[in-house]
Amino acid sequence: METHVVDHPLVSHKLTTLRDVRTDSPTFRRLADELVTLLAYEATRDVRVTEVTVETPLTPTQGVRLSRPTPLVVPILRAGLGMLDGMMRLLPTAEVGFLGMIRNEKTLEASTYATRLPDDLSGRQCFVLDPMLATGGTLAAAIQFLFSRGAVDVTALCLLAAPEGIAHLDSVFRDSGHPIKLVTAGLDERLNDQGYILPGLGDAGDRLYGVA
Ligand code: URA
């Protein structure tokens, strides 16, 4: 898997404030939104485009427009919703599919409780939004689901990633024959015994929405 840790002072600045335990939910939501837009810029570097001719007020010239089918953005509920607006700001014509997944806090296994996605994802570039790549179980299950519907090209956007999660995705998808890309604002040290990323930022869903 190709992992891209975005190295930019604005990304580091916003991530630092997200980590701060004193940051309240409204500020956390705003910063997460801004941070995702910066990640989206990197994550869409290989978005497919088609060459077109455009008329300027002076002359025709060559340019590009996003190819069809349009990309699909897939926030993983609930915390991935906090990343949706920041992504759609850069890809306003993308379609959005929803995957509801929850992780059992004892076994850390992911299970799917809701899906609202096109049946046929063949040829679609998919951008999965999940703030915290911890054990990797949830993201791996989400990506498997997209591949099972014919997606060919998946990029995951995470605010933070743990080495354990990256290793898990690598082992699950190494021989899948499909390219997976991960774009993240930070690669942290490790997971604690409860599967939280250290140093991390705590529970992303709770910090975004304030309820457990
Ligand atoms: N999910 C979170 O919200 N935070 C973590 O640190 C790990 C998983």
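What follows draws every value from the coordinates through simple rules; no lab data is involved. What you are looking at is a predicted structure, and each value in this text was computed from that prediction instead of being measured. Heads up, the Cβs are rebuilt from the backbone with ideal geometry, glycines too, and the neighbour counts pull from every protein chain shown.
Selection of first residues in region 181-199 that are among the hydroxyl-bearing types (Ser, Thr, Tyr) and of second residues that are within 13 Å of the ligand (Cβ to nearest atom), restricted to Cβ pairs under 6 Å at least 6 apart or on distinct chains, gives the following pairs, ordered by first then second residue: 184/158; 184/161.
Please indicate, with yes or no, whether at least one residue in region 119-135 is free of Cβ contacts under 8 Å to residues at least 40 places away in the same chain and small (Gly, Ala, Ser). There is at least one residue in region 119-135 that is free of Cβ contacts under 8 Å to residues at least 40 places away in the same chain and small (Gly, Ala, Ser). Taking every residue in region 49-76 that is under 17 Å from residue 122 (Cα atoms) and pairing it with any residue that is part of a loop (DSSP other than H, G, I, E, B) and of a type in the set (D, E, K, R), at least 6 positions away or on another chain, the pairs with Cβ-Cβ distances below 6 Å are 67/48; 69/124; 72/124. Scanning region 49-88 for residues that are surrounded by fewer than 15 Cβ atoms within 10 Å (Cβ to Cβ) and under 19 Å from the mean Cα position of the chain (by Cα) yields one hit, 85. Taken together, 51, 42 contain a single residue that is farther than 24 Å from residue 203 by Cβ, among the acidic types (Asp, Glu) and assigned to a strand (DSSP E or B), which is 51. Between 34, 42, the distinction of being touching a strand residue (DSSP E or B) at 6+ places or on another chain (Cβ under 6 Å) and touching a residue at least 12 places away in the same chain (Cβ under 8 Å) belongs to 42 only. The residue of region 84-118 that is farthest from residue 39 (Cα to Cα), among those that are hydrophobic (A, V, I, L, M, F, W, C) and part of a loop (DSSP other than H, G, I, E, B), is 108.
A single member of 99, 72, 91, 81 is in contact with an Asp or Glu (Cβ under 8 Å, 6 or more places away or on another chain), of a type outside the set (D, E, K, R) and closer than 30 Å to residue 203 by Cα, and it is 72.
Taking strands (runs of 3 or more DSSP E) as the structural unit, those lying wholly within region 119-212 and holding at least 1 residues that are surrounded by fewer than 20 Cβ atoms within 10 Å (Cβ to Cβ) and within 16 Å of the ligand (Cβ to nearest atom) correspond to 180-187.
Scanning region 65-83 for residues that are outside any strand (DSSP E or B) and within 16 Å of the ligand (Cβ to nearest atom), we see that the one that is farthest from residue 149 (Cα to Cα) is 82.
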